[in-house]
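The values are calculated or read from the model by the stated rules, or taken from the named source; none is laboratory data. Just so you know, these numbers come straight off a predicted model, no measurement behind them. FYI the Cβ positions are ideal-geometry reconstructions off the backbone, even for glycines, and counts take in every protein chain you see. With ligands, DNA and RNA removed, areas are computed over all heavy atoms of the protein, side chains included. Shrake-Rupley method; radii C 1.70, N 1.55, O 1.52, S 1.80 Å.
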Amino acid sequence: MAKKACSIDGTMVGIFDHINLKDGIICFDCVKKLGFEKPLKNKKLLNDMTVDLVNAVLDGDLLLDDYIAEHDRMLTQATVQKLKDESAEKHQQESLNAPHCPKCGSKSLQVVGNHRKAFSVGKAIVGGALTGGIGTLAGFAGKKGKKVDVICMNCGKKFKM
Ligand SMILES: [Zn+2]
Ligand SMILES: [Zn+2]
């Protein structure tokens, strides 16, 4: 059986010492680096991760716990979606409208400058751009109807949203 390369660090692995990611594979070493003590126990979580997501966690851009929480929420959402046919289209629209950096396209955005009253609403966002999720940021910006200064956590570009 031919060995495959781990999509994260390129380690050559056999069929029994890696786990499939959504768009690649991950070796057990990388799984442990990620913070999962028991690779096989967290198979489902890993199966739903993309290579980008794994790299984001390894780079410290995303907390593993946040992913797990988000994953749970996604699963709940999926159940709800099964019951509601119409939500699929809505969901797609939402992801298209998700705020992102105009320069690099990253969705790791943070609201800057909390001198205005409105920003108290976005405390969660200021605390950690990723933990609140894109939805929070979008909802926040939309609800206020005001443009907010946002900084891209990836490339550092500042822009209004
Ligand atoms: Zn690896
Ligand atoms: Zn950017």
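Things worth noting here:
- These residues, 80, 148, go from largest to smallest accessible area, 1.4 Å probe, as 80, 148.
- Sorted largest first by accessible area at a 1.4 angstrom probe radius, with every protein chain in place, the residues 49, 74, 161, 12 fall in the order 12, 74, 161, 49.
- Full extension of the chain between residue 72 and residue 103 gives 8.1 nm of extra length, using 0.36 nm per residue less the Cα-Cα distance.
- Sites matching trypsin sites (Lys or Arg not before Pro) across region 1-42 that sit in DSSP coil, with at most 13 neighbouring C-beta atoms within 10 Å: 3, 22
- Diffusion coefficient, µm² s⁻¹, Stokes-Einstein with Kirkwood Rh over alpha-carbon pairs of region 1-97 at 10 °C and 1.306 mPa s: 108 µm²/s
- List 48, 59, 17, ordered by accessible area with a 1.4 Å probe, largest first: 59, 17, 48
- Rolling a 1.4 Å probe over the protein chains gives residue 7 an accessible area of about 50 Å².
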